[in-house]
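Some notes on the structure that comes next.
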Amino acid sequence: MIRIVLADDADDIRRLVRFVLDRDERFSVVGEAADGAQALELVEAERPDLLLLDLAMPNVDGLEVLEDLRHRVDGPVVVVLSGFTNAEAVNEALALGASSFVSKGESITDLPNVLAAAVAPPAGSQPPTPG
């Protein structure tokens, strides 16, 4: 099961995403944050596999969260879910370590597959052999 923290300052977006993910047995939402500082605290406390992160949040924004997480060797995979879809925002988020970028304007029904793909091992990779 993929353990996820949702970070978005919009309650309705978090509720909608949680509703979609709760209906998919691949996921367990282990925490919700309304700002970047809360997101970082939840990542530290819950050690999720994935952080679904908005960019525009109060106190600490999504780019600052990405900057903090890029220095951690054990940080989660980060997928950005944002209304900011200009090339500059997308490129900056990806440069700071986000594995993918999803626009809030895209269909929410596609989100579970995007998240599952983000945490899947790269094609052709082999798990380490004991030894």
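Values as computed for the structure displayed
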item: Environment charge at residue 95 (Cβ cut-off 11 Å; Lys +1, Arg +1, Asp -1, Glu -1); result: -2
item: For the stretch 36-48, 3J(HN,Hα) per residue [Karplus equation, 6.51 cos²θ - 1.76 cosθ + 1.60, θ = phi - 60°, Hz, x = Gly/Pro]; result: x, 5, 5, 4, 5, 4, 5, 4, 5, 6, 9, 6, x
item: Protection proxy ranking of 11-24, 43-56 - average other beta-carbon atoms within 10 Å, highest first; result: 43-56, 11-24
item: Radius 9 Å from Cβ of residue 13, net charge of other residues (Lys, Arg +1; Asp, Glu -1); result: -2
item: Whether the stretch 1-58 is rounded, prolate or oblate, judged on the alpha carbon gyration tensor where a/c under 1.5 counts as rounded; result: oblate
item: Prolate/oblate/rounded call for the stretch 10-131, Cα gyration tensor, a/c under 1.5 rounded; result: rounded
item: Local net charge near residue 31, Cβ-Cβ under 10 Å (Lys/Arg +1, Asp/Glu -1); result: -2
item: Karplus-derived HN-Hα couplings along the stretch 88-104 (A = 6.51, B = -1.76, C = 1.60, θ = phi - 60°), whole Hz, x at Gly and Pro; result: 5, 5, 4, 5, 5, 4, 5, 5, 8, x, 5, 7, 7, 10, 10, 7, 5
item: Table column - 3J(HN,Hα) (Hz), the stretch 14-21, Karplus curve with 6.51, -1.76, 1.60, x for Gly and Pro; result: 4, 4, 5, 5, 4, 4, 5, 6
item: Residue among 91, 66, 108 farthest towards the positive dipole end of the chain, charges placed on Cβ; result: 108
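Laboratory data are not the source of any read-out in this text; all were calculated from the coordinates shown. All figures in this text were calculated on a predicted structure; none of them were measured in a lab. When we count neighbours, we look across all protein chains shown, and the Cβ atoms used for this are built from the backbone with ideal geometry, even at glycine.
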